[in-house]
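The values are calculated or read from the model by the stated rules, or taken from the named source; none is laboratory data. Everything numeric in this text was worked out from a predicted model, so none of it was measured. Heads up, the Cβs are rebuilt from the backbone with ideal geometry, glycines too, and the neighbour counts pull from every protein chain shown. Note: accessible area is taken over every heavy atom of the protein model, side chains too, but ligands, DNA and RNA are not part of it. Shrake-Rupley method; radii C 1.70, N 1.55, O 1.52, S 1.80 Å.
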Amino acid sequence: MIDRRRLIGAGIAATATTLSPAMSWADSSATRRIPSSGALIPAIGLGTWITFNVGKDPVLLDRSVEVMRAFFREGGGMIDSSPMYGSAQQTLGHGLSELGFQDALFSADKIWTSAADGAAQFADTKRNWRIDSFDLMQVHNLVDVEAHLDMLFERKDAGEIGHVGVTTSHGRRHDALEDVMRRYPLDFVQLTYNVLDRDAEDRLLPLAIDRGIGVIVNRPFRRGDLVSRTTGADLPGFAADLGAQSWAELMLKFILTHPAVTVVIPATTKPAHVVQNKTAARTAMPDAALRERIAEQVARL
């Protein structure tokens with residue numbers, strides 16, 4: 001099984017040839033262990049919603065390739081997409097073609113269609129990415145979730161998928177997500193969690209710990225709204241103690257210090273932001289009291 005071999009290899013000692021040894025998954029302090037498989041994965045991934053929906057514009061395609069190049073140079077990890085995201089899948093396929101296949105890639109995508117069309121969409125997604133198997137396939141926004149999960153677990157048994165998950169976003173459908181988490185042996189759930197959107201703390205994040213389910217966090221900056229909210233505001237004095245040079249880094253540290261969180265997937269169009277996001281996971285983390293101060297200060301801005 002190609003992806004399973006790649007996953008386990010990355011968790012033990014692997015790097016892509018473009019990476020320095022210091023950025024390998026195995027010896028980086030910025031990794032988390034996937035509860036179900038035990039594989040290591042970088043704590044900061046890359047989202048593609050909106051940012052990679054660039055069509056065939058050559059300038060924007062080149063920009064996306066540079067974002068991917070920076071991501072792999074910084075250690076790589078999970079890149080998450082969906083059929084819902086316009087041309088994002090094709091952009092990823094183009095980027096992987098330009099850069100060459102990367103051992104540091106943890107490929108994650110979704111099924112977002114009717115039950116009858118799930119298998120066809122899965123095949124289309126593989127063609128768009130130009131790869132044969134996925135490290136993770138998820139049911140997007142719980143659409144026809146039971147039928148799709150049956151199909152995905154079969155594909156996992158066949159070696160076409162390394163992990164299976166489900167997603168929600170914007171803080172919606174938490175009751176339904178909790179029900180699915182209790183009834184299925186999921187590897188991952190994906191949900192919204194950030195300094196202001198904290199409903200997941202009540203039941204979902206504790207349940208993920210209890211059930212041994214990895215957690216992927218989307219919308220860490222509320223699609224940039226939280227970054228805009230903090231623009232121009234002075235950093236608190238404790239930011240330097242944490243090695244943080246921006247509010248974005250502090251907000252990522254807040255998320256990463258919840259014990260249920262496995263991966264955060266901020267999206268960006270700028271390679272410099274990729275480096276900044278990755279740095280947030282490598283420098284000092286706040287304790288419980290300090291992470292609450294981060295949330296309080298952002299809320300006051």
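Assorted remarks:
- Exactly one residue out of LEU142, LEU207, LEU191 is at positive phi, of a type in the set (A, V, I, L, M) and touching a helix residue (DSSP H, G or I) at 6+ places or on another chain (Cβ under 7 Å), and it is LEU142.
- Residue within the stretch 101-113 that is of a type outside the set (A, V, I, L, M, F, W, C) and out of contact with any helix residue (DSSP H, G or I) (no Cβ under 7 Å at 6 or more places or on another chain) present: no
- Applying a threshold of 9 Å to beta carbon distances and a minimum spacing of six or more residues, or different chains, the list of pairs starting in the stretch 154-176 at a residue that is free of Cβ contacts under 8 Å to residues at least 24 places away in the same chain and ending at one that is of a type outside the set (Gly, Ala, Ser) and surrounded by fewer than 14 Cβ atoms within 10 Å (Cβ to Cβ) is empty.
- Yes/no for GLY118 being closer than 25 Å to PRO271 by Cβ and either of a type in the set (A, V, I, L, M, F, W, C) or open to solvent by less than 10 Å² (accessible area, probe 1.4 Å) (or both): no
- Number of the exception - HIS170 against (1) under 24 Å from GLU292 (Cβ atoms); (2) modelled with pLDDT of 95 or more; (3) open to solvent by 50 Å² or more (accessible area, probe 1.4 Å); (4) not aromatic (Phe, Trp, Tyr): (2)
- Search result, residues across the stretch 188-202 that are surrounded by fewer than 23 Cβ atoms within 10 Å (Cβ to Cβ), over 15 Å from PHE254 (Cα atoms) and either touching a Gly at 6+ places or on another chain (Cβ under 6 Å) or among the β-branched types (Val, Ile, Thr) (or both): none
- Residues satisfying the stated conditions in the stretch 55-81, i.e. on the phi > 0 side of the Ramachandran plot and crowded, with 17+ Cβ neighbours inside 10 Å: GLY75, GLY76, GLY77
- Within the stretch 19-37, restricting attention to residues that are in a loop (DSSP other than H, G, I, E, B) and either at pLDDT 95 or above or in contact with a His (Cβ under 7 Å, 6 or more places away or on another chain) (or both), the residue that is least open to solvent (accessible area, probe 1.4 Å) is ILE34.
- Subset of the stretch 243-270 [without any contact (Cβ under 8 Å) to a residue 60 or more places away in the chain, in contact with a helix residue (DSSP H, G or I) (Cβ under 7 Å, 6 or more places away or on another chain) and either within 18 Å of SER81 (Cβ to Cβ) or of a type outside the set (A, V, I, L, M) (or both)]: SER246, TRP247, GLU249, LYS253, THR257, PRO259
- All of LEU92, LEU105, LEU99 fail the test of being closer than 30 Å to ALA284 by Cβ and either open to solvent by less than 30 Å² (accessible area, probe 1.4 Å) or not β-branched (Val, Ile, Thr) (or both), apart from LEU105.
- Verdict on VAL164 being out of contact with any His (no Cβ under 9 Å at 6 or more places or on another chain) and part of a helix (DSSP H, G or I): no
- Looking at ALA248, ALA239, just one residue is more than 30 Å from ALA176 (Cβ to Cβ), among the hydrophobic types (A, V, I, L, M, F, W, C), modelled with pLDDT of 95 or more and under 19 Å from the mean Cα position of the chain (by Cα), and that residue is ALA248.
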